[in-house]
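The values are calculated or read from the model by the stated rules, or taken from the named source; none is laboratory data. The structure displayed is predicted, hence computed values, not measured ones. Please note: Cβ atoms are built from the backbone with ideal geometry, for glycine as well, and neighbour counts cover all protein chains shown.
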Amino acid sequence: MANNNNLKLISTVFSHNGHIPPLYTCEGKNINPPLKVENVPDGTKTLAIIVEDPDAPRGTFDHWVVWNISPNEAIAEGSNAGINGTNSFGKIGYGGPCPPSGEHRYFFKVFALDDELNLLAASGKQELLDAMKGHVLASAELMGVYQKHKHAVAG
């Protein structure tokens, strides 16, 4: 898998290793944050994004599986761009951070692909990874952290 180190994934609402604002989590509107992909390599037809939490108690938890996103425009807040697959919540589309306890890391991974993927809507992460094999021109990631806000407890 070729990796173009120039590909970048950025967000205007959190920096790499920064805190994801509550608006984009289960404590807010639970919508995807705005994302921008820079330095897309020549030959890129579509983008795919996987958002996952490797700190989940039962293993990696998938928050967003999406493909066939146009490489020429930013991904707007709450847009659910492209074709959305099924996340680990069992729902289609974006499911925001909602850690049961402590601070978790959320990896937003983008893949520049040389073709559109012929994948059924609602497919899961493994089907997407299988479909991307041999088509990835470059990849990049943006990692944000989130911890639920503690509610005051009387006592």
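Is at least one residue of segment 102-112 under 18 Å from Y24 (Cβ atoms) and exposed (fewer than 15 other Cβ atoms within 10 Å of the Cβ)? Yes, that holds for at least one residue. Any residue in segment 14-28 that's closer than 15 Å to H63 by Cα: show its pairings with residues that are of a type in the set (A, V, I, L, M) at Cβ separation under 7 Å, as long as the two are six or more apart or on different chains. Close Cβ pairs satisfying both conditions: I20/V145; Y24/I31.
Would you say V37 is modelled with pLDDT of 95 or more, surrounded by 14 or more Cβ atoms within 10 Å (Cβ to Cβ) and under 11 Å from the mean Cα position of the chain (by Cα)? Taking the combined requirement at face value, the residue does not satisfy it. Residues satisfying the criterion are present in segment 17-24 (criterion: on the phi > 0 side of the Ramachandran plot and either among the small types (G, A, S) or more than 13 Å from the chain's Cα centre (by Cα) (or both)).
Residues in segment 104-155 that are modelled with pLDDT under 95 and within 13 Å of the chain's Cα centre (by Cα): 0 in all. Taking into account only those residues within segment 46-62 that are surrounded by 19 or more Cβ atoms within 10 Å (Cβ to Cβ) and farther than 22 Å from A138 by Cβ, which is nearest to the chain's Cα centre (by Cα)? Across segment 46-62, the extreme among qualifying residues is D53. Each residue in segment 83-97 was checked for being crowded, with 17+ Cβ neighbours inside 10 Å and either among the aliphatic types (A, V, I, L, M) or in a loop (DSSP other than H, G, I, E, B) (or both), and 10 pass. For D42, the test of being surrounded by fewer than 21 Cβ atoms within 10 Å (Cβ to Cβ), more than 18 Å from L7 (Cβ to Cβ) and acidic (D, E) is failed.
Annotation note: Cβ proximity below 8 Å between a residue of segment 84-99 that is β-branched (V, I, T) and a residue that is crowded, with 18+ Cβ neighbours inside 10 Å and in a loop (DSSP other than H, G, I, E, B) (sequence gap 6+ or interchain) occurs for T86/S123; I92/G85.
Taking every residue in segment 35-53 that is farther than 23 Å from V145 by Cα and pairing it with any residue that is part of a loop (DSSP other than H, G, I, E, B) and acidic (D, E), at least 6 positions away or on another chain, the pairs with Cβ-Cβ distances below 8 Å are G43/D114; T44/D114; K45/D114; K45/D115; K45/E116; T46/D115; T46/E116.
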